[in-house]
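The values are calculated or read from the model by the stated rules, or taken from the named source; none is laboratory data. Since the structure is predicted, the reported quantities are computational estimates derived from the model, not experimental observations. Methodologically, a virtual Cβ is constructed for each residue, glycine included, from the backbone with ideal geometry; neighbour enumeration extends over all protein chains shown.
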Amino acid sequence: MRSSTNMIEIKSLTKRFGKIVALQQLNLDIKKGELLGIIGPNGAGKTTAIRIISCILHPDEGDVLVGGYHIGQNPLEIKSMIGYLPEEPNLYERFKAYDLLKYFGELYGVPKEDLDSRIEELLELVGMKHRAQHRINTFSKGLRQRIAIARALIHDPEIIIFDEPTMGLDPATAMNIREFIAGLKGDKTILLCTHYMDEADLLCDRVAILNQGQILDMGTPHELKSKIHGDIILNIGLKDPSLIEISTLEQVCPVENIAWQKDQLYMSLSSREDIASIVEFLGSNVQSIHTKEPTLEDVFIQTVSNLPENIE
Ligand SMILES: Nc1ncnc2c1ncn2[C@@H]1O[C@H](COP(=O)(O)OP(=O)(O)OP(=O)(O)O)[C@@H](O)[C@H]1O
Ligand SMILES: [Mg+2]
């Protein structure tokens, strides 16, 4: 059935809503066992792509293969392989947590004899065992999210799709959920959409940057960060900035993105070893030195926010 190690293959996917083109000839492969992140501004097409992969929405053009099945031909097989946590999970408010999971377990055909232990295991995993007999409408946002995650995993799917799993959660709950996702890595193929760059950096094997329905760039978090900013951002405070000609720095070693902020000089270096050369060159004019690893947020801002179509 499966022709390669790709679990999901997105081929030339296009989706329009009236005049809005949500996805434009999108191509993307997700490998078996990989945790792939999609980041991108509001309206980039992340949720649309996810909904098509999950067979909730039909594309206008293109195809998606999930585990070798085509979305247009085998939606039932695909749905049974996927656990989907939507952006805004719609839980049945009057159900008790346990009963909700039982209902969905039966719906997904979890064998009767396994269902109770599966529910117990999931409630334990998401830290909700003590609230099993409480109704959903008594839960806070974070507690609902935990139950929604348990619901997505009830049928032990091979593929898990998280659409902004930690949106609006307090930092401790968000960290719990990130740790939980990290614990699923390797066993499962995971697609994660997020606006939290540190979350993408921490969890993802590869990250795709989506903008206006197209992929602008893709790679491991490390690849993306070093491609844009070199390996290190150096910040030097100077006693007398007027003594420095920026063009002379470029003769010392490979530097990029040189920028001034008052008496602070910023630059990207491709190697830590170049710090010493720059400091030696600036000599007694140096007042302070700070280094910073580039973050995915720097990548996002440089790749997406500076595009003319995204400047309002
Ligand atoms: N059902 C719909 N009807 C009309 N337009 C839609 C519909 N769903 C999505 N769109 C439009 O398609 C584009 C992509 O939306 P989508 O929800 O995929 O973005 P997103 O990347 O998930 O954004 P966000 O980060 O805000 O969740 C947007 O312009 C959106 O308004
Ligand atoms: Mg979305």
**Asked** What is the one condition in (1) at positive phi; (2) more than 33 Å from the chain's Cα centre (by Cα) that E250 does not satisfy?
**Response** (1)
**Asked** From the list G72, G33, G62, which residue is more than 10 Å from ligand 1 (Cβ to nearest atom) and outside any loop (DSSP other than H, G, I, E, B)?
**Response** G62
**Message:** Pairs needed: first member in the range 162-179, over 23 Å from I53 (Cα atoms); second member anywhere, among the basic types (K, R); C-beta distance under 6 Å; at least 6 residues apart or different chains.
**Reply:** G168/K141
**Asked** For the range 72-79, does any single residue satisfy the condition of being crowded, with 17+ Cβ neighbours inside 10 Å, away from ligand 2 (no atom under 16 Å from the Cβ), within 30 Å of R118 (Cβ to Cβ) and without any contact (Cβ under 8 Å) to a residue 24 or more places away in the chain?
**Response** yes
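Residues to consider are I246, I236; find the one that is away from ligand 2 (no atom under 16 Å from the Cβ) and at pLDDT 90 or above. Before you say what the answer is, go through the steps one by one.
Working: I246 fails: at pLDDT 90 or above.
Every option except I236 fails the conditions.
Residues that are within 16 Å of ligand 1 (Cβ to nearest atom): list the helices (runs of 4 or more DSSP H) wholly contained in the range 187-250 that include at least 3 such residues. Even if it seems obvious, please write down each step before you answer.
Working: elements: 197-203, 221-229, 246-249.
Fully inside the range 187-250 and qualifying: 197-203.
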